[in-house]
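The values are calculated or read from the model by the stated rules, or taken from the named source; none is laboratory data. Worth saying up front: this structure is predicted, and the values here are computed from it rather than measured. Cβ placement follows ideal geometry from the backbone for every residue including glycine, while neighbour counts extend to all protein chains displayed.
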Amino acid sequence: MTRILAVAALLAFAAPVFAQSADNRLTLTFETGAETGAIMVALYDSEAAYEGGQPARVAQVNVATGQHEAVFDLPAGAYGVKAFHDVNGNGQMDTNPFGMPTEPFAFSNNAVGNMGPAKWDRARFEVSGATAQTIRIR
């Protein structure tokens, strides 16, 4: 009986620790001009990854079927999003002969790049707390 009480007491004290480490729900809502193709989403969890590394998570939002959201369960931290609307559905961002994108693209915070993608400091946002968070990207 003493062991059961000891385990129960341990779990009671541990519960707040588990609650703090739980993932946070992040919903990205995309506003699009066309209702065809898909939005390709890359979510980064560091400046180094955002500037040229691998994304922490990826998603594909099928706009042609009416989807406009990507949902992620994430640990607290700093994140940045790069996305493009693959309007013609060929699975890649189309560019002109000079390398300029010909399909819509966006970044978290609706940040705007200058001669390239928006920088981490402009696209960076925090995920924290136990509440769900929604970010709208145009």
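Within region 26-52, work out how many residues are more than 17 Å from M93 (Cβ to Cβ) and not hydroxyl-bearing (S, T, Y).
Initial filter on region 26-52 (more than 17 Å from M93 (Cβ to Cβ)): 26-29, 31, 35, 45-49, 51.
Of the ones still in play, those that are also not hydroxyl-bearing (S, T, Y) are 26, 28, 31, 35, 45, 47-49, 51.
Residues flagged as more than 17 Å from M93 (Cβ to Cβ) and not hydroxyl-bearing (S, T, Y) within region 26-52 amount to 9.
Reported count of residues in region 48-88, each being surrounded by fewer than 17 Cβ atoms within 10 Å (Cβ to Cβ), β-branched (V, I, T) and under 20 Å from V127 (Cα atoms), is 2. Of the set (1) modelled with pLDDT under 95; (2) of a type outside the set (A, V, I, L, M, F, W, C); (3) buried (at least 17 other Cβ atoms within 10 Å of the Cβ), all apply to R3 but (3).
Which of the residues belonging to region 24-47 are surrounded by 12 or more Cβ atoms within 10 Å (Cβ to Cβ), closer than 16 Å to A106 by Cα and not β-branched (V, I, T)? L28, F30, A34, G37, A38, M40, A42, L43, Y44 - these are the residues of region 24-47 that are surrounded by 12 or more Cβ atoms within 10 Å (Cβ to Cβ), closer than 16 Å to A106 by Cα and not β-branched (V, I, T).
Residues of region 102-112 that are surrounded by 13 or more Cβ atoms within 10 Å (Cβ to Cβ) and either over 15 Å from the mean Cα position of the chain (by Cα) or closer than 19 Å to Q54 by Cα (or both): E103, P104, F105, A106, F107, S108. State all residues of region 71-128 that are modelled with pLDDT of 95 or more, farther than 18 Å from G37 by Cα, of a type in the set (S, T, Y) and not in a strand (DSSP E or B); if no residue qualifies, say none. Scanning region 71-128 gives a single hit, S108.
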